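Please treat every number below as a calculation from the coordinates, not as lab data. Note that this is a predicted model, so its numbers are computed, not measured. So basically every Cβ, Gly included, is an ideal-geometry build from the backbone, and we count neighbours across all protein chains shown.
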Ligand SMILES: Nc1ncnc2c1ncn2[C@@H]1O[C@H](COP(=O)(O)OP(=O)(O)OP(=O)(O)O)[C@@H](O)[C@H]1O
């Protein structure tokens with residue numbers, strides 16, 4: 001993989017993304033003209049109301065959008081470009097997608113709930129390696145899996161457990177270990193702490209911060225959870241109906257709420273809501 005010539009692992013340049021028309025459903029533009037950069041080692045928090053395009057951006061940046069079959073509703077880059085690790089994603093050839101995905105860890109929304117029920121923790125974490133190399137040395141694989149498990153603070157006793165034997169927070173940590181097992185340079189995490197216990201949530205947030213420090217990856221982390229963003233993100237970007245409403249440090253964004261969504265966000269925080277979910281801005285906001 002080519003290095004990022006300009007030094008930024010993620011560069012969005014006037015990026016627009018569309019879901020093409022399918023059957024009776026018309027085409028839908030999910031992202032309009034986004035421009036931003038993520039610096040080496042930086043974690044960018046991404047938030048925005050439901051349907052604002054966060055998951056679409058995660059699917060594009062992680063490359064899964066280009067693996068999805070068109071029949072499943074694949075988003076297409078229709079304007080501008082996204083460069084990730086020097087790879088232009090607009091029109092990326094199919095044959096290049098697996099190698100690209102190798103460098104970008106992706107923790108999808110509901111990753112914990114979607115772990116394969118019939119595989120052990122060890123098998124789940126090892127899968128991305130074996131998908132690429134069936135004959136990977138068994139001992140090296142076992143060591144790598146154990147290191148990842150330790151990295152997400154789970155005991156080795158969990159290796160032979162099945163997902164149903166774990167708590168939601170433990171499952172989320174297994175999903176995170178799996179997303180990081182290939183040692184990616186970029187991590188895209190879609191709501192990594194959603195749906196997990198408040199007590200575990202802080203541990204997962206702290207873990208992401210520590211992993212970032214140890215592995216020096218850059219990350220985009222989608223979260224509605226301000227304490228999580230405070231402990232993991234260097235800056236936040238706010239999406240509103242597919243457009244970039246604000247970007248900066250959390251304090252910069254909240255202290256200068258020029259946009260209705262950011263104003264509503266700041267207001268919700270002032271009212272004591274740490275987790276911002278589905279802010280209702282009314283039809284004209
Ligand atoms: N496969 C698809 N086909 C057509 N439109 C889609 C598809 N997936 C998402 N969309 C639309 O694109 C818009 C952005 O969706 P997206 O899932 O990216 O939003 P989001 O900000 O992640 O929302 P949430 O917080 O609810 O997960 C929404 O209006 C959604 O209805």
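Could you tell me what percent of the DSSP beta bridges with both partners in segment 171-249 are antiparallel, to the nearest 5?
On the way: 5 of 10 bridges.
Counting only bridges with both partners in segment 171-249, antiparallel ones make up about 50 percent.
For the chain, the longest principal axis of the C-alpha atoms and the axis of helix 121-132 are separated by about 80°.
Percent of Cα-Cα pairs more than 23 Å apart in segment 97-247, please. Don't skip to the answer; put the middle values down first.
Working: 3940 of 11325 pairs.
So the pairs more than 23 Å apart make up 35 percent of the total in segment 97-247.
For segment 13-141, the share of alpha carbon pairs falling in successive 5 Å distance bins from zero is 2, 8, 16, 20, 19, 15, 10, 6, 3, 1, 0 percent. Peptides 137-149, 221-233, 253-265 ranked from most to least packed by the mean count of surrounding Cβ atoms within 10 Å: 221-233, 253-265, 137-149. For segment 179-242, the calculated P(r) over all alpha carbon pairs, in 5 Å bins from 0 to the bin holding the longest distance, is 4, 16, 30, 25, 16, 7, 1 percent. The Kirkwood hydrodynamic radius of segment 123-175, based on inverse pair distances between different Cα atoms, is 11.6 Å. Calculate the tail of P(r) for segment 94-150: the fraction of all Cα-Cα distances greater than 15 Å, expressed in %. The share of Cα pairs beyond 15 Å in segment 94-150 comes to 59 percent. Ellipsoid semi-axes for the chain, based on the Cα gyration tensor and the rule √(5λ), read 30, 24, 18 Å when sorted largest first. Counted by neighbouring Cβ atoms within 10 Å, the residues 55, 155 run from fewest to most as 155, 55.
Only bridges with both residues in the chain count here: give the DSSP antiparallel percent, nearest 5.
Working: 23 of 41 bridges.
Close to 55 percent.
Legend: ranking of residues 14, 81 from fewest to most surrounding C-beta atoms inside 10 Å; resulting order 14, 81.
Helix-only arithmetic for the chain: the sum of -39500 (n - 2.57) across DSSP H runs with n ≥ 4, divided by the residue total, places the mean residue ellipticity at 222 nm at -10000 deg cm²/dmol.
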